[in-house]
Amino acid sequence: MAPLEIRHRSVRPISAKHAQASRFLQQSQFAGFTTFEDEQQLTDFVSRLEAALSQPIDLDAVTIFPGASLGVAIFPTDGTTREQIVNNADLAMYRAKDTVGRQTCYYEQSMDDIARARRMIANDLREAIGRGELSLAYQVQKDVATEEVSGYEALLRWHHPRDGWISPARRLTGCERSDNQDENRLLGCR
C-alpha cells in the first residue's frame, strides 16, 4: 500500500492492494482498513499512515505541518463487527490525542471501562441539577502580602447519591467530551 495523499481535506488512496480509506461524517476523521497476515504488515501500514499524515503541505505561500492521532483496532480481537472495530479504534484515537507525544494508540479493553465510566458520570451529571445534588461553596481569596481578604471564589460541588462527593477533576473528565455545549457551560465543564 502506498501512503495516503491528503490535500484540501480530501483523503484518497494513491494505490492500495488490500486497503481502502473512507471518510467519516466529521471533516477531520477517516477510517483506514487493511488486511494483514502478520503483525509486521500491520506495523508497516500504520507507519505509512503516520508518515503520510505528517508530511508538510504547501498551500500557496504557506507550508502547513499537519499532525494526526491514530487509533488502531484489530478484527476479530477488538471487535467482530465493523461498528465495534470503528468505535474501538475511535477510543484508541482519543487515548492517542490525550497522551502527549503519542501519535498512535492500539485499542485495549480497559479503554471501554474508562469510556463507560465517563459516560456514566456525564449522564449522572445531566440529572444532578434536577435532583438538587449540586451546591456552591465559597473560598476566601487573600492578598499574599497583606493577608487581607481580596475576594471569594465560587466552587461548584457535587454530592452524588451513590458515590458521595465527586471531585472536580472527575466531573470534568465525565463531561469534557459531551456534545451538549449549553449543558457544559451550565455545569462549568468548559
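The values are calculated or read from the model by the stated rules, or taken from the named source; none is laboratory data. Quantities reported herein were computed from a predicted structural model and do not represent experimental measurements. FYI the Cβ positions are ideal-geometry reconstructions off the backbone, even for glycines, and counts take in every protein chain you see. The accessibility values were calculated without ligands, DNA or RNA, using every heavy atom of the protein model including side chains. Shrake-Rupley method; radii C 1.70, N 1.55, O 1.52, S 1.80 Å.
Assuming Ile64 fulfils every condition listed in (1) touching a strand residue (DSSP E or B) at 6+ places or on another chain (Cβ under 8 Å); (2) exposed (fewer than 13 other Cβ atoms within 10 Å of the Cβ); (3) within 28 Å of Ala169 (Cβ to Cβ) apart from one, which condition is it?
(3)
In the range 84-110, how many are farther than 8 Å from Leu70 by Cα and not in a helix (DSSP H, G or I)?
The qualifying residues number 7.
Could you go through the range 107-125 and let me know if any residue there is modelled with pLDDT of 90 or more and touching a strand residue (DSSP E or B) at 6+ places or on another chain (Cβ under 8 Å).
Yes; the residues of the range 107-125 include at least one that is modelled with pLDDT of 90 or more and touching a strand residue (DSSP E or B) at 6+ places or on another chain (Cβ under 8 Å).
Taking the stated definitions as given, is Tyr94 open to solvent by less than 80 Å² (accessible area, probe 1.4 Å), in contact with a strand residue (DSSP E or B) (Cβ under 8 Å, 6 or more places away or on another chain), within 30 Å of Phe45 (Cβ to Cβ) and at pLDDT 90 or above?
no
Take Glu108 and decide whether it is closer than 25 Å to Thr34 by Cβ and loosely packed, with under 11 Cβ neighbours inside 10 Å. Quick ask: steps written out before the conclusion?
Numbers: closer than 25 Å to Thr34 by Cβ: yes; loosely packed, with under 11 Cβ neighbours inside 10 Å: no.
Taking the combined requirement at face value, the residue does not satisfy it.
Which condition breaks for Ile74 when tested against (1) under 23 Å from the mean Cα position of the chain (by Cα); (2) outside any loop (DSSP other than H, G, I, E, B); (3) at pLDDT 90 or above?
(2)
All but one of (1) under 23 Å from Gln109 (Cβ atoms); (2) crowded, with 18+ Cβ neighbours inside 10 Å; (3) touching a Leu at 6+ places or on another chain (Cβ under 9 Å) hold for Asn88; which doesn't?
Answer for Asn88: the failing condition is (3).
Looking for whichever is in a helix (DSSP H, G or I) and either surrounded by 14 or more Cβ atoms within 10 Å (Cβ to Cβ) or at pLDDT below 90 (or both) here; the options are Arg157, Arg185. Which one fits?
Arg185
Can you pull out every residue in the range 20-45 that is at pLDDT 90 or above and closer than 19 Å to Gln103 by Cα?
Across the range 20-45, the qualifying residues are Glu39, Gln40, Gln41, Leu42, Thr43, Asp44.
Leu125: in contact with a helix residue (DSSP H, G or I) (Cβ under 8 Å, 6 or more places away or on another chain) and open to solvent by less than 30 Å² (accessible area, probe 1.4 Å), yes or no?
Yes: the conditions hold for Leu125.
Results for (1) open to solvent by 100 Å² or more (accessible area, probe 1.4 Å); (2) closer than 29 Å to Lys97 by Cβ; (3) assigned to a helix (DSSP H, G or I); (4) modelled with pLDDT of 80 or more, shown as yes or no for each residue.
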| residue | (1), (2), (3), (4) |
| --- | --- |
| Arg131 | yes, no, no, yes |
| Gln139 | no, no, no, yes |
| Arg171 | no, yes, yes, no |
| Arg190 | yes, yes, no, no |
